[in-house]
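K.L.:
Please see the structure below; I have some questions.
Please treat every number below as a calculation from the coordinates, not as lab data. Note that the structure is a prediction, hence the values are computed from the model and not measured. We place every Cβ from the backbone using ideal geometry, glycine too, and count neighbours over all the protein chains shown.
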């Protein structure tokens, strides 16, 4: 675990995948950066590798992560994504093991260790509770609890899944922050999952496919703040 990294709950993650890039992505992320400051909610954005430097040079509050990284050292490795290159481009962390870019547990651990070496935070996706526990033993900074079959469906995880995944991850390593993903479509979905006990949530299609993506991003980020504050007041 990269111990010098600072991100606090509650937080939100926007993963543009390959939907948005370049100036169009920058415009949306600059709006998200303003919402992050306005509502005092940390936001992770993981763009295409070619857009990391562009975003990192413009944002104030957003945490720019890579979408993927390989555990190779400096040297040979045509087509691979080098940890040192991500860091030099301005990334502060990297997302690993998304359902669209699955890794073996062995490679996940190797990549987390390389990220630790170069000073990149790690947010690692996991599907089943068993996978979450195995990854938690590797001590990433953050884990995304996300049932693969719900990604992009508009259907969110059951509250039983939300609560069990948080409990099982924290039992292994209480320092790991837990993001509940999959199927987040609007502010109400965000509110529900944060009120249920999650430290974070995130969205891709829920924002990108909205009639006004910036307005939806604000709706979701403000819902994070509202749900968290209500939960803390109990």
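K.L.:
Sorted by average packing, counted as other Cβ atoms within 10 angstrom per residue and highest first, what order do 125-131, 56-62 take?
P.N.:
125-131, 56-62
K.L.:
Over the range 11-232, what is the relative contact order in percent, taking alpha-carbon pairs closer than 8 angstrom and at least six residues apart?
P.N.:
Across the range 11-232, relative contact order equals 18 percent.
K.L.:
Quickly estimate the mean residue ellipticity at 222 nm for the chain, helices only: each DSSP H run with n ≥ 4 gives -39500 (n - 2.57), and the total goes over all residues, rounded to 500.
P.N.:
The helix contribution divided over the chain gives -13000 deg cm²/dmol.
K.L.:
May I ask you to sort 69, 159 by Cβ crowding, counting other Cβ atoms within 10 Å and putting the fewest first?
P.N.:
159, 69
K.L.:
What's the exposure ranking of 104, 111, going from fewest to most Cβ atoms within 10 Å?
P.N.:
With the sparsest Cβ surroundings first, the list reads 104, 111.
K.L.:
Going by C-beta contacts inside 10 Å, put 87, 102, 8 in order with the fewest on the left.
P.N.:
8, 102, 87
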